[in-house]
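Peer 1: Input: one structure, supplied below.
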Amino acid sequence: MSELKLKKCLKCNNLVEDTLNKDLICCGEVMQEVLPNQNEEIKEKHLPRYEIKEDKIIVSVNHVMETEHYIEWLLVKGKNTTVKKVFSPNEEPILEVPYEKGLVLYSYCNKHGLWMTKVS
Ligand SMILES: [Fe+2]
């Protein structure tokens, strides 16, 4: 299973990965699953892009990195591994990890939420 199951607390905005596949409680309420955004109008600026170079995959996003609006993190999920890199505004949202088949790439925008690309 290489898809990320992300849950968010609607009260405090805490985000966690649900690895147990059961209800998680935060601030006294059940956390809600966060599904990848599919908004056609803004997907070009949010979907993770990738380039495979020899035994590595380089993941990036063509998104602004401004104080008020930026990519908070990129995450690469494989069969047995998860690599996440957190960014600050003005940093370049790029992540390089070893390539393997079946990777799923995620980006998280502070305004537009979760986005996913499956590596074909
Ligand atoms: Fe955005």
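The values are calculated or read from the model by the stated rules, or taken from the named source; none is laboratory data. Everything numeric in this text was worked out from a predicted model, so none of it was measured. FYI the Cβ positions are ideal-geometry reconstructions off the backbone, even for glycines, and counts take in every protein chain you see. The area values use the complete protein model at the heavy-atom level, side chains included, leaving out ligands, DNA and RNA. Shrake-Rupley method; radii C 1.70, N 1.55, O 1.52, S 1.80 Å.
Peer 1: Calculate the FRET efficiency for Q38 and N90 from the Cβ-Cβ distance with a Förster distance of 30 Å, rounded to the nearest 0.05.
Peer 2: The value I calculate is 0.60.
Peer 1: A follow-up question, please. How much net charge surrounds G102 when only the other residues with a Cβ under 10 Å from the Cβ of G102 are counted, with Lys and Arg +1 and Asp and Glu -1?
Peer 2: +3
Peer 1: Moving to a separate point now. Residues with amide H under 5 Å of I57's amide H, sequence separation 5 or more or different chain, H placed in the peptide plane at 1.01 Å from N; which?
Peer 2: V97, Y99
Peer 1: Any chance you could check the Cα centroid distance between segment 1-77 and segment 85-118 for me, in angstrom?
Peer 2: So the two Cα centres are separated by 8 Å.
Peer 1: So for segment 36-118, averaging the separation of alpha carbon pairs under 8 Å that are six or more residues apart and normalising by length, what relative contact order in percent results? Kindly include the intermediate steps, with their values, before the conclusion.
Peer 2: Values: 177 pairs, mean separation 29.2, N = 83.
Over segment 36-118, the number comes to 35 percent.
Peer 1: Using only the alpha carbon atoms of the chain, find the Kirkwood hydrodynamic radius as the inverse mean reciprocal pair distance, in angstroms to one decimal.
Peer 2: Kirkwood hydrodynamic radius for the chain: 15.0 Å.
Peer 1: Another one. Quick one: what do you get for segment 30-82 if you divide its Cα Rg by 2.2 N^0.38 Å?
Peer 2: 1.38
Peer 1: Let me ask something else. Check L103: other-chain or 5+ apart residues with amide H under 5 Å from its amide H, H built from backbone geometry?
Peer 2: The list, which skips near neighbours in sequence, is V119.
Peer 1: Each residue of segment 72-85 in turn: what ³J(HN,Hα) in whole Hz from Karplus with 6.51, -1.76, 1.60 and θ = phi - 60°, glycine and Pro shown as x?
Peer 2: Using θ = phi - 60°, the values come out as 6, 7, 10, 9, 10, 10, x, 4, 10, 9, 9, 10, 10, 10 Hz.
Peer 1: Let me ask something else about it. Within segment 36-118, what whole-number % of the accessible surface is contributed by carbon and sulfur, with the 1.4 Å probe and all protein chains included in the calculation?
Peer 2: In segment 36-118, the share of accessible area belonging to carbon and sulfur is 45 percent.
Peer 1: Tell me, what HN-Hα J-couplings in whole Hz come from the Karplus equation 6.51 cos²θ - 1.76 cosθ + 1.60 at θ = phi - 60° for each residue of segment 105-120, using x for Gly and Pro?
Peer 2: Whole-Hz 3J(HN,Hα) from phi for segment 105-120: 10, 10, 10, 9, 8, 5, 9, 10, x, 8, 9, 9, 10, 8, 6, 8.
Peer 1: Continuing with the same structure: If you add up the charges near E33, with Lys and Arg at +1 and Asp and Glu at -1, over every other residue whose beta carbon is less than 10 angstrom from its beta carbon, what do you get? Each step should come with its number before you reach the end.
Peer 2: Working: positive: K5, K7, K8; negative: D18.
So the environment of E33 carries a net charge of +2.
Peer 1: If you take every residue apart from E91 with its C-beta less than 13 Å away from the C-beta of E91, what net charge results, scoring Lys and Arg +1 and Asp and Glu -1?
Peer 2: Neighbourhood net charge equals -2.
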